[in-house]
Amino acid sequence: MPDPQRPADDAGLTHRQILVVLCGLLMGVALSALDQTIVATSIRTIADHFHHFELLAWVTTAYLATSTIVTPLFGKLSDLYGRKPCYVAAVSIFAVGSLACACATSIYQLAVFRGVQGIGAGGLFSLAFTILGDIVAPRQRARYQGWFLAVFTGANLLGPLVGGILAGAPSILGITGWRWVFLINVPLSVATLAVVVRVLTFDRVRAGGVRVDWAGGVLLVAGVAPLLIVAELGRAWGWGSAASLGCFAVFAVSTAAYVWSGKIAGERAFLPLRVFANRSFVKGTLVAFVVGTVMVGVISIIPQFFQVSHGMGPMEAGFRLLPTMLGAIVGALCSGQLIVRTGRYRGQAVTGGVLTVASLAGLYFLTGDASWPFELVALVLGFGVGMFNQPLTLAVQNVLPARDMGVSTGAVTFFRQLGGTLGLAFFLTLFFVCTPAAVERRVAAVSGEADFRAAVVQVAATSADPDARTVAVALRERDTAAATDVVVHDSDVLQALPAVVRRPFERAFADAMGIVFLAAAAVALAGLLLLLSWPPVPLRGESGLQEAARQ
């Protein structure tokens, strides 16, 4: 048990002082994580309130785009002007955005205000890791980072329950229930601000006379925003549509312009091009991108697998994710303890990568089963991802000098979130591409069975559900494509079909999901190979503040 009064051997703070600062940082992390899942649970209720379900995607896209884009911007600004003012600004913007969302009178206003809220949220997570890097040396930092993941995961698990309660209430204290989904962030933000202002008394020295390349920042935003938008909406638009191609073109032109601008701006750039000359940094960000792809993409897919393949409701499917989330916490904590004791991070990261690849390949063979073997493999998956992901921020922070702590942390967070967004889009697209052929195969296998044909005829003639009748009529006429189209757009229709008709669709969805898990295993394998080619860098013995003071 560490002596709370003894200065930590890696920094000038005692263990108790570090814990006090950590308290404020964890409150910000919890605030960001809780908001994501609370809103995700209640977003359909909000869309129904405004009678604009077709515009729902813009509400989530606005938040996702701004929260991803601003992470490198906050990192650079905190390197120049200090962590505390940037962190206070992030919490304040998040609170103002939350209040504005609660007062929104249209879906358009809500989308704009969610974008504002996302700006604040983008700084909460990355700056928390940056500040931790300032006050704790790399070797000891790992055990504290495990607490970040534990709080983040716990808040993610609590969010759906709280969101369901708030969104389901017609009114609370005279205010519509769904508005409390956003209002609850305001007192939490105020409490976080009070703690941060009081305890965050250790900050890096501000750089004097340094200008910021705001034009380059605009180009960075202009390049990444359309990429995130098309990742969210491209499947609905069509990947070859004019809107999608326009987004890809804007991304390409803006990214090229940013590179040109960055050569001129030099150190003023938000992501200075010199950091990409460091091969270890580049490989680290690529590994972060892959880990984000697997972590966010696959974990988001698992509840959908249980809903479409086994007919579970959203809450039951969400609970099936619990083993994966718990495994991720345990994996991160174990990895952190090993780093503290050995001073090395490569071994456990490689072990995590191997477990991730193996468990994803295992899920491919278990997609027809919702019993304990699936959940056991999902537990191993979470453990592997936790060990794979935990050392990343630490390693990338250690690659660049302490003066670039904000840039390195912002970059690894940015690429991890970008990987998650693009990965989810890729996996969902792959699922929907594979589904029609899988349905065709499964339906063809049972179409000759008498009980299947009899059930189809009965549903077509007697069902009170119009979508169920449409599916049955299409199956009766052997138009599998038309039946698949109805089911893919609204999988709830399966519950209106008898089991003998529903089963081929559920098995087909499981087949398609198996291909997704196999593709995810291939992506994870690519990340593992990158990790194996990434030479370990010895962990520094000084905290960021100590190193900055010495320079």
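Quick notes on this structure:
- Meets criteria (outside any helix (DSSP H, G or I) and crowded, with 20+ Cβ neighbours inside 10 Å) for residue 270: yes
- Condition met for residue 512 (under 19 Å from residue 427 (Cβ atoms), assigned to a helix (DSSP H, G or I) and either modelled with pLDDT of 80 or more or not small (Gly, Ala, Ser) (or both)): yes
- For the stretch 91-122, taking the residues that are farther than 20 Å from residue 228 by Cα, crowded, with 23+ Cβ neighbours inside 10 Å and among the hydrophobic types (A, V, I, L, M, F, W, C), the one that is nearest to the chain's Cα centre (by Cα) is identified as 94.
- Residues that are of a type in the set (D, E, K, R) and touching a helix residue (DSSP H, G or I) at 6+ places or on another chain (Cβ under 7 Å) were ranked within the stretch 442-465; the one that is nearest to residue 495 (Cα to Cα) is 465.
- Only listed residue being within 21 Å of residue 69 (Cβ to Cβ) and over 23 Å from the mean Cα position of the chain (by Cα), chosen from 269, 222, 231: 269
- Matching residues in the stretch 90-129 - criterion: being assigned to a helix (DSSP H, G or I) and β-branched (Val, Ile, Thr): 91, 93, 96, 107, 112, 116, 119
- Helices (runs of 4 or more DSSP H) within the stretch 367-463 that include 1 or more residues more than 25 Å from the chain's Cα centre (by Cα) and small (Gly, Ala, Ser): 405-446, 450-462
- Filtered residues of the stretch 339-366 (kept if part of a helix (DSSP H, G or I), touching a residue at least 40 places away in the same chain (Cβ under 8 Å) and among the hydroxyl-bearing types (Ser, Thr, Tyr)): 356, 364
- For the condition modelled with pLDDT under 85, surrounded by 19 or more Cβ atoms within 10 Å (Cβ to Cβ), not charged (D, E, K, R) and not assigned by TED's automatic domain parsing to the domain that holds residue 21, residue 228 qualifies.
- For the stretch 16-53, filtering for residues that are of a type in the set (Ser, Thr, Tyr) and modelled with pLDDT of 75 or more leaves 1.
- Residue among 362, 353 that alone is of a type in the set (Gly, Ala, Ser) and either closer than 25 Å to residue 151 by Cβ or buried (at least 24 other Cβ atoms within 10 Å of the Cβ) (or both): 353
- Residues satisfying the criterion are present in the stretch 191-207 (criterion: within 23 Å of the chain's Cα centre (by Cα) and either part of a helix (DSSP H, G or I) or modelled with pLDDT under 70 (or both)).
- Residue match in the stretch 283-301 (condition: over 24 Å from residue 419 (Cβ atoms), touching a Phe, Trp or Tyr at 6+ places or on another chain (Cβ under 9 Å) and of a type in the set (Ser, Thr, Tyr)): no
- Taking first residues from the stretch 20-40 that are outside any helix (DSSP H, G or I) and partners that are modelled with pLDDT under 80, no Cβ contact under 9 Å between residues at least 6 apart in sequence or on separate chains turns up.
- Filtering 478, 416, 442 for residues that are more than 30 Å from residue 67 (Cβ to Cβ) and touching a residue at least 40 places away in the same chain (Cβ under 8 Å) leaves a single hit, 442.
The values are calculated or read from the model by the stated rules, or taken from the named source; none is laboratory data. Note that the structure is predicted; figures quoted are calculated from it, not measured. In this analysis, Cβ positions are derived from the backbone assuming ideal geometry, glycine residues included, and neighbour counts consider all displayed protein chains.
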